[in-house]
Amino acid sequence: MASVTVIVPSYNHASYLSACLDSVIGQTFTDWSLLLVDDGSTDDSVAVAQTYAARDPRIRVAVNERNLGTYGTLQKCLDMTESAYVAVLNSDDFWHPDKLARQVAALEARPEATFSYVLGWKADESGVIDESEDVHANWPTEPDQDLFPYLLRENRILASGVLFRRAGLRFETSCRYSGDHIALIEACWRGPAVCVPERLTFWRMHSTNSFTISEKQMLEEVRLREAIMRETDRWRASRTGSELVDENIAANAHNLFAVYALFGYRGRLGSLVPFMLGHAATRRRGIKRLMSAFLPKRYVRSYFWGHTDADKTFSFDFARFKQQIEAQPPLHFKLDEDPASRSATS
């Protein structure tokens, strides 16, 4: 059995799949197997994948009987593997040849770490690397670190840049957009992360994966951020005295407040006020956000989201959105027993 399984959720990326699979075959680390599960592609993705499987016995291909979405497909991949390490590679992304070698070495040197991650760049539709924007800006990249507090605010780790230890790993199948964020929070709950501070993964940007605001994305963001807020006592207890935990809980409250305010959902704003004003480093920002909530809706949306993104939201049915917030099932993290409390190091 290979020590690393590369799991590839595939959906309508036939044009990019060869580059994706070639980047795995070209790894300097060779003790890997690859499992590609196609999620109902209507292009030639399955045929491309089967061609590679016919040439390389390390590659397996399966096809979902029905569409499961990205994280349903990833969980299916996970259920079909037994290796010690699992790497996710989206079917339109690709890797530097040393990516797996660097990450395996990092995890073997740090047995307490639950995952390693590399840095990366965006790439255009043709695969040309774009170094004009640092997707990891203001994100910790020290080799040894407790990444957990930062994930309470946001996720700046590229999905195709992570190598997980398989133990304890799972993907939230009810999510469409943020399942990797949830998996990272749960992994950091179990133990520290290790960063390989090299640009070894490449996130391909093209017309079918460009970011646009949608109701479904907003609803899922609310669901995730509410789940983070529900566990604040537990987060604080696990990192006793951590200013970073308190600061990032406050930042999460600010971000959740922005979504509520965007849709005029003032009924839930009050519960966030103690968090927004309770941390000195973010208190001024919290006061400004509270004051902005009483502006006319158009100004609120422009204040939080900018004129361009705010204009996109005017096609939303705001009354229905509020009903959907109330109707959607809560998200619950799957956490093991509380890890030993750790004194703050920063």
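Here are some notes:
- The residues in segment 15-57 that are assigned to a loop (DSSP other than H, G, I, E, B), buried (at least 20 other Cβ atoms within 10 Å of the Cβ) and of a type in the set (Ser, Thr, Tyr) can be counted, and the count is 1.
- When Ala84, Ala47 are checked against the criterion of being more than 17 Å from Phe164 (Cα to Cα) and at pLDDT 95 or above, Ala47 stands alone in meeting it.
- Residue count for segment 173-224, restricted to those that are part of a helix (DSSP H, G or I) and not acidic (Asp, Glu): 17.
- For segment 238-278, the candidate set comprises residues that are farther than 29 Å from Asp317 by Cα and over 24 Å from the mean Cα position of the chain (by Cα); within that set, the residue that is surrounded by the most Cβ atoms within 10 Å (Cβ to Cβ) is Leu277.
- The listed residue being in a loop (DSSP other than H, G, I, E, B), on the phi > 0 side of the Ramachandran plot and in contact with a Gly (Cβ under 9 Å, 6 or more places away or on another chain), out of Asn67, Asn12: Asn12
- Residue tally, condition closer than 19 Å to Gln324 by Cβ and assigned to a helix (DSSP H, G or I), over segment 237-268: 11
- Condition met for Gly120 (on the phi > 0 side of the Ramachandran plot and either of a type outside the set (Ser, Thr, Tyr) or part of a loop (DSSP other than H, G, I, E, B) (or both)): no
- For Leu119, the conditions (1) closer than 29 Å to Ser45 by Cα; (2) in contact with a helix residue (DSSP H, G or I) (Cβ under 6 Å, 6 or more places away or on another chain) all hold with the exception of (2).
- Of the criteria (1) in contact (Cβ under 8 Å) with a residue 60 or more places away in the chain; (2) touching a helix residue (DSSP H, G or I) at 6+ places or on another chain (Cβ under 9 Å); (3) surrounded by 19 or more Cβ atoms within 10 Å (Cβ to Cβ); (4) closer than 21 Å to Ala167 by Cβ, which one Ala106 fails: (2)
- Taken over segment 150-164, residues that are touching a residue at least 24 places away in the same chain (Cβ under 8 Å) and either within 15 Å of Asn255 (Cβ to Cβ) or surrounded by fewer than 19 Cβ atoms within 10 Å (Cβ to Cβ) (or both) amount to 6.
The values are calculated or read from the model by the stated rules, or taken from the named source; none is laboratory data. This one's a predicted model, so the numbers in the text were calculated from it and none came from an experiment. Here the Cβ is made from the backbone with ideal geometry for all residues, glycine too, and neighbour counts use every protein chain on show.
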